[in-house]
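Visitor: What follows is a structure written as structure tokens; I'll ask about it next.
The values are calculated or read from the model by the stated rules, or taken from the named source; none is laboratory data. Being a predicted model, the structure only gives us computed values, none of them experimental. Here the Cβ positions follow ideal geometry from the backbone for every residue, glycine too, while neighbour counts run over all protein chains shown. These area figures cover heavy atoms from the full protein model, side chains too; ligands, DNA and RNA do not enter into them. Shrake-Rupley method; radii C 1.70, N 1.55, O 1.52, S 1.80 Å.
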Amino acid sequence: MASRKHITIGVSIVFVYLAVTNLNITLHSNEVAKEQPPAAASPTTRSAFNTYNPNAQWCPLAVCRNSPVCQPCRRRFLLLISTGRSGSTSLMRMLNMLPGVRMGGENFNHLRAIRTMVEHFPTKRIDDSGGIYHYDTGPFQHEGIAPATLACPAQLAIEAIVPPPRRDQEIGFDDSDTIIGFKTIRFFDDDEYGTMDSVIADEKIPIDFVRKYFPCSRVIVNIRSNTIAQGNSNWFSHRKNSTGVLDDMNKRLVRAASRFGPMAHLLRMEEWTDKMSGAAELNELVRWLGFENCTYNQVLHDHKDSSFGRDQTEIFLGPHCRFVGVHFDPDGALALAPEPVRETVTLHASNYSQFTIPRKFSATDSSVYFVASESNVGPMVKVWWGKNGFEGDILSVPLVASGCKGRGKKVVAKMTGMQTDGNIKNERWQMNAARSAVNRNHSLSVGLRRSLLNQWLDDPKIEGCTFKSPVPIQIEARRWHDPDAEALLGKLVLNFVVY
């Protein structure tokens, strides 16, 4: 019998606080599965690089840049951002009473440590897809890294410190549907140990970090208006100018709620702790979170009289309390995600005229851009300014022939994707490019490219054929400028007919 060959691999891994070195693994060469070539992609196959949102009932406006390595919207998160002695512990406990919600307590601004970990990776070399260029050779070589890939290790760091109960872990309970999160009074801290002795200079940094790396999140911002009483509490009494510091922090938190946009809800402690109407304020919050038949009849009061005592009052939310995904906004700014606009795009194979979608999109004080929901259809990443005229983006649209000898023939039509501006006559530029923040009406315009890119048009067998898309393609209209940059303005669901 022939002797077995051995392959020895030396592995050295360093990840945050865990280091494993000189781990030797021995594999038998006849036990290694032979690598199979990838299957050829069908014209109707969904790309692994897409913007599909699996939790649209929780985060309808999220930008989900999925790849085979990471799906950043797979987990729902809930953050409670507050200041000390503002009722945040009581609020956290009451949120934990909601079905399918698990909130952790203070973690000394673990988000800052995660941000340091993620941003430590060199991300200056950004490619056209928004990912990181691959390095072919040298000590830093690696394959290209898709956009949003680093969201998964960031989220895993939170999942690790807000774990499910031990009994659920022991039986292998699938916890992926649970909404998890934590409360923090140190969101703007710039201290490595969360001592609250320093405040980050640019308050946009932690906000934009959450929006980018935790896209499927909702944020509750809680403030206490009576900063004099708050500053006189045991927690703040030893600090100089505590009232001034708290006033400044409240302003930061209010601005944070505005910058988070529709994904945030602002609470004021004096309102939700009121003996007469406080429970109603929290029930309003619960509806905004998307729960129904969940009613608080009273409010907990932990840490009463500056102690760390726990309120033992039992609260029952009702037998039919459940999450349904109702997107309720008391100010009316966010109701439901925009309904998709369905349109049939009809093009003639003998000419190359453009078809302009009738639906127009606009955004207050912002430009608009269009991106595909899948990378095998078209661009998924925005650019600034872009190209003019008919040098637009290339869209790849699957089509199937019918009504002719060549019926059943599958092709991928190459089309130009551009946008038009309703306020500027005949001006066109590439679809995923944003420009001025002046309010304008933006429309998507598509058309067949010349036969050099569509050689199937010269096939005599397709004479008399009508080509139709077997599945529609989706194009998203999004906002460019802050606030609410990248917010979803609407979706176009397009079916194509070429005759």
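Visitor: Could you check region 88-100 and list, in sequence order, the residues that are surrounded by fewer than 24 Cβ atoms within 10 Å (Cβ to Cβ) and in contact with a Ser or Thr (Cβ under 7 Å, 6 or more places away or on another chain)?
Guide: Across region 88-100, the qualifying residue is only 100.
Results for (1) more than 17 Å from the chain's Cα centre (by Cα); (2) among the hydroxyl-bearing types (Ser, Thr, Tyr); (3) open to solvent by 30 Å² or more (accessible area, probe 1.4 Å), shown as yes or no for each residue.
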{"site": "138", "(1), (2), (3)": "yes, no, yes"}
{"site": "141", "(1), (2), (3)": "yes, no, yes"}
{"site": "153", "(1), (2), (3)": "no, no, yes"}
{"site": "162", "(1), (2), (3)": "yes, no, no"}
{"site": "165", "(1), (2), (3)": "yes, no, yes"}
{"site": "169", "(1), (2), (3)": "yes, no, yes"}
{"site": "179", "(1), (2), (3)": "no, no, no"}
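Visitor: Right, something else. Hey, can you tell me all the residues within region 197-256 that are over 28 Å from residue 156 (Cα atoms) and of a type in the set (Gly, Ala, Ser)?
Guide: Of everything in region 197-256, those that are over 28 Å from residue 156 (Cα atoms) and of a type in the set (Gly, Ala, Ser) turn out to be 225, 229, 231, 233, 237, 242, 244.
Visitor: If I filter region 213-232 for residues that are under 23 Å from residue 286 (Cα atoms) and open to solvent by 40 Å² or more (accessible area, probe 1.4 Å), do I get at least one hit? If you could, list the steps in order and put the result at the bottom.
Guide: Taking region 213-232 first, the residues under 23 Å from residue 286 (Cα atoms) are 214-225.
Pick out the ones that are also open to solvent by 40 Å² or more (accessible area, probe 1.4 Å) and you get 224-225.
Checked against the condition, which is being under 23 Å from residue 286 (Cα atoms) and open to solvent by 40 Å² or more (accessible area, probe 1.4 Å), region 213-232 yields at least one hit.
Visitor: What tally of residues in region 389-413 results from selecting those that are open to solvent by 10 Å² or more (accessible area, probe 1.4 Å), in a strand (DSSP E or B) and under 24 Å from residue 490 (Cα atoms)?
Guide: 4
Visitor: OK, next. Which fully enclosed strands (runs of 3 or more DSSP E) of region 421-486 have 1 or more residues being open to solvent by 10 Å² or more (accessible area, probe 1.4 Å) and at pLDDT below 90? Don't jump to the end; show me each part of the working.
Guide: Details: elements: 428-430, 442-448, 466-468, 473-479.
Fully inside region 421-486 and qualifying: 428-430.
Visitor: Taking the stated definitions as given, is residue 357 under 28 Å from residue 481 (Cβ atoms), open to solvent by less than 10 Å² (accessible area, probe 1.4 Å) and not hydroxyl-bearing (Ser, Thr, Tyr)?
Guide: Working: under 28 Å from residue 481 (Cβ atoms): yes; open to solvent by less than 10 Å² (accessible area, probe 1.4 Å): yes; not hydroxyl-bearing (Ser, Thr, Tyr): yes.
Yes; evaluated as a whole, the condition is true for this residue.
Visitor: Now a separate question. Failed condition for residue 109, given (1) in contact with a Ser or Thr (Cβ under 8 Å, 6 or more places away or on another chain); (2) modelled with pLDDT of 95 or more; (3) open to solvent by less than 20 Å² (accessible area, probe 1.4 Å), with all others met?
Guide: The one condition residue 109 does not meet is (2).
Visitor: Output the residues belonging to region 181-211 that are surrounded by fewer than 19 Cβ atoms within 10 Å (Cβ to Cβ) and part of a helix (DSSP H, G or I).
Guide: Within region 181-211, 204, 205, 208, 209 qualify.
Visitor: For region 473-499, name all the residues that are out of contact with any Asp or Glu (no Cβ under 9 Å at 6 or more places or on another chain) and closer than 17 Å to residue 374 by Cα.
Guide: Those that are out of contact with any Asp or Glu (no Cβ under 9 Å at 6 or more places or on another chain) and closer than 17 Å to residue 374 by Cα: 475, 476, 477, 486, 496.
Visitor: Out of the residues in region 234-258 that are free of Cβ contacts under 8 Å to residues at least 60 places away in the same chain, assigned to a helix (DSSP H, G or I) and hydroxyl-bearing (Ser, Thr, Tyr), state the one that is surrounded by the most Cβ atoms within 10 Å (Cβ to Cβ). Break it down stepwise before answering.
Guide: Our first condition is that a residue be free of Cβ contacts under 8 Å to residues at least 60 places away in the same chain; within region 234-258, this holds for 237-245, 247-248, 251, 254-255, 257.
Still in the running and assigned to a helix (DSSP H, G or I): 242-245, 247-248, 251, 254-255, 257.
Those still in the list that are hydroxyl-bearing (Ser, Thr, Tyr) too: 242-243.
Numbers: 242: 19, 243: 16.
The residue in question is 242.
Visitor: Does region 84-102 hold any residues that are within 24 Å of the chain's Cα centre (by Cα) and either at pLDDT below 95 or closer than 18 Å to residue 283 by Cβ (or both), and which are they? Spell out how you get there, then give the answer.
Guide: Within region 84-102, the first condition is being within 24 Å of the chain's Cα centre (by Cα), and the residues that meet it are 92, 95-96, 98-102.
Matches in region 84-102: 92, 95, 96, 98, 99, 100, 101.
Visitor: Using the structure shown, decide if residue 266 is at pLDDT below 95, aliphatic (A, V, I, L, M) and in contact with a helix residue (DSSP H, G or I) (Cβ under 6 Å, 6 or more places away or on another chain).
Guide: Details: at pLDDT below 95: no; aliphatic (A, V, I, L, M): yes; in contact with a helix residue (DSSP H, G or I) (Cβ under 6 Å, 6 or more places away or on another chain): yes.
No.
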